[in-house]
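Asks: Sharing a structure with you now.
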Amino acid sequence: MSTKSRSEGVPAEGPEPLRRSTEAVKAASLAAAYELLTEVGLSGVSFDEVSRRSGVAKTTIYRYWPTRSALLFDAVMQFAPRLQTPATGSFRGDLTALALGLAQRLQTGRWSSAMPSIIDAAERDKEVAELQSRTHAGMMSGFSAIVARAQARGELDPNFDVSDLTAAIAGPLFYRRWFSRQELDDAFVRGVVERALRWDSSGHG
């Protein structure tokens, strides 16, 4: 077969794959990047490794994602588990359900094992810092949605600070997952939510 007939999905090494659509090529690249990230951490993700695993030519990957951070952001946005925003009918119920869901994801989601390497690299790399910031914002968006809904119901003041509430709940969960490595059981998570609500009702919200 002539080299001119090789598809855009030519891998860095190995046999020539069948011709694939642009959508298939992108999907394979993103899946490979996410797999590498969750298996070996940020340091294990490179265009060479993504090319080898996906069977997509490195030049093609560069065409769609000029930087590793751009590739990783799209991969995380597509494959990382997203928390469903609960709709229990009350602010406390929504907040508790969201916190329990977050705790479950922290313990079972593959992405949570990769986050420490991203956070570490973000201290020295501006592009990774942007990736970390945008990924974190997506993870925490449920808190904003719950607060907005509670404000619409009249349960919360229009000037309520969602960032303080998010930190009061997510902070202890992150601490147990990545630092103390204690169990994130339901009793602990519910206690975190209740303490956050009491803290807010004392006039800090």
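The values are calculated or read from the model by the stated rules, or taken from the named source; none is laboratory data. Quantities reported herein were computed from a predicted structural model and do not represent experimental measurements. Counting neighbours? That spans all protein chains shown, and the Cβs are built from the backbone with ideal geometry, glycine included. What goes into the accessible areas is simple: the full protein's heavy atoms, side chains included, and nothing from ligands, DNA or RNA. Shrake-Rupley method; radii C 1.70, N 1.55, O 1.52, S 1.80 Å.
Asks: Say we look at segment 64-81 and pick out the residues that are under 13 Å from the mean Cα position of the chain (by Cα) and among the aliphatic types (A, V, I, L, M); which of these is surrounded by the most Cβ atoms within 10 Å (Cβ to Cβ)?
Replies: 72
Asks: Also: Do you know which of the residues in segment 82-112 that are part of a helix (DSSP H, G or I) and at pLDDT below 85 is farthest from the chain's Cα centre (by Cα)?
Replies: 108
Asks: Let me ask another. Would you check if there is a residue in segment 136-156 being more than 20 Å from residue 113 (Cβ to Cβ), part of a helix (DSSP H, G or I), at pLDDT 95 or above and in contact with a Lys or Arg (Cβ under 8 Å, 6 or more places away or on another chain)?
Replies: Taking every residue of segment 136-156 in turn, none turns out to be more than 20 Å from residue 113 (Cβ to Cβ), part of a helix (DSSP H, G or I), at pLDDT 95 or above and in contact with a Lys or Arg (Cβ under 8 Å, 6 or more places away or on another chain).
Asks: I need a count of the residues in segment 84-106 that are open to solvent by 20 Å² or more (accessible area, probe 1.4 Å) and within 30 Å of residue 51 (Cα to Cα).
Replies: Adding up the residues that qualify gives 1.
Asks: Considering only residues that are touching a residue at least 24 places away in the same chain (Cβ under 8 Å) and touching an Asp or Glu at 6+ places or on another chain (Cβ under 8 Å), which ones fall in segment 125-159?
Replies: Once the filter is applied, which keeps residues that are touching a residue at least 24 places away in the same chain (Cβ under 8 Å) and touching an Asp or Glu at 6+ places or on another chain (Cβ under 8 Å), segment 125-159 yields 146, 149, 150.
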